[in-house]
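**Student:** Pasting in a structure now, in structure tokens, and then I'll have a few things to ask.
The values are calculated or read from the model by the stated rules, or taken from the named source; none is laboratory data. Predicted model only: the values in this text are computed from it and were never measured. Don't worry about glycine lacking a Cβ; one is built from the backbone with ideal geometry, like all the others, and counts go over all protein chains shown.
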Amino acid sequence: MSDYFTHIFPLDPNMPKSEWAKLRTALLSRGFMVENPTLPNHFKPGPTYGTFCTADPHFGGHSDIEFENYGDKIMVAAGDNIAAPPKIPGTSKTVEDWVEFIDRWANDTNEKWIDSANGKSYGLFDLDWENTLGAGKGMLTLMRPGYLDAPRLAAFATEITGYEFNFSYSHI
């Protein structure tokens, strides 16, 4: 069996945990999701979930929504669809040592990959993963999201928290 996931995450992995609480409250109060009474931090699509989707019907009615908090640990979300190796933006050049770079970045989020040809440095999210890699100390993860408009949800998270968010898709 396989599943599809959408991950919404801040580009700053050190975003304060209080901002996650603001986002959670905003999504609940706007009806995007409703609480799952049996599992804390797990939610189901609410009555306005469809307003964040690109099609009607949105087929996300059975989505599982979870706020994942990894504490001080960095986690990486990627599946068998990962665009690897990633490309250097604006070029056809790829980062061949991408696995080692992710490991270094997970240990120190200030870590940069240096292009040996021109000396330019890139952070993890500066590389072009084609929205197939997410990472951080927390994520909003949606399993079986249907026709969810991930860029729109990431923009909403940015608006609510003031921190820039992005999204990734993974298939496992």
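**Student:** Just to be sure before I move on: is Phe165 modelled with pLDDT of 95 or more, among the aromatic types (Phe, Trp, Tyr), in contact with a strand residue (DSSP E or B) (Cβ under 9 Å, 6 or more places away or on another chain) and buried (at least 20 other Cβ atoms within 10 Å of the Cβ) in the structure I sent?
**Tutor:** The answer is yes for Phe165.
**Student:** As an exercise: evaluate Trp113 against (1) in contact with a strand residue (DSSP E or B) (Cβ under 6 Å, 6 or more places away or on another chain); (2) buried (at least 19 other Cβ atoms within 10 Å of the Cβ); (3) closer than 28 Å to Ala26 by Cβ and give the number of the one condition it does not meet.
**Tutor:** Evaluating Trp113 over (1) in contact with a strand residue (DSSP E or B) (Cβ under 6 Å, 6 or more places away or on another chain); (2) buried (at least 19 other Cβ atoms within 10 Å of the Cβ); (3) closer than 28 Å to Ala26 by Cβ leaves (3) as the failure.
**Student:** Now for a different question. Looking at the structure I just gave you, is Pro145 touching a Leu at 6+ places or on another chain (Cβ under 6 Å), buried (at least 19 other Cβ atoms within 10 Å of the Cβ) and closer than 30 Å to Cys53 by Cα?
**Tutor:** Taking the combined requirement at face value, the residue does not satisfy it.
**Student:** Can you pull out the residues in region 96-114 that are in a loop (DSSP other than H, G, I, E, B) and basic (Lys, Arg)?
**Tutor:** Lys112
Residue-by-condition table, conditions (1) more than 22 Å from Met33 (Cα to Cα); (2) modelled with pLDDT of 95 or more:
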residue	(1), (2)
Pro57	no, no
Glu66	no, yes
Ile82	yes, no
Val95	yes, no
Asp108	yes, yes
Gly119	yes, no
Asp149	no, yes
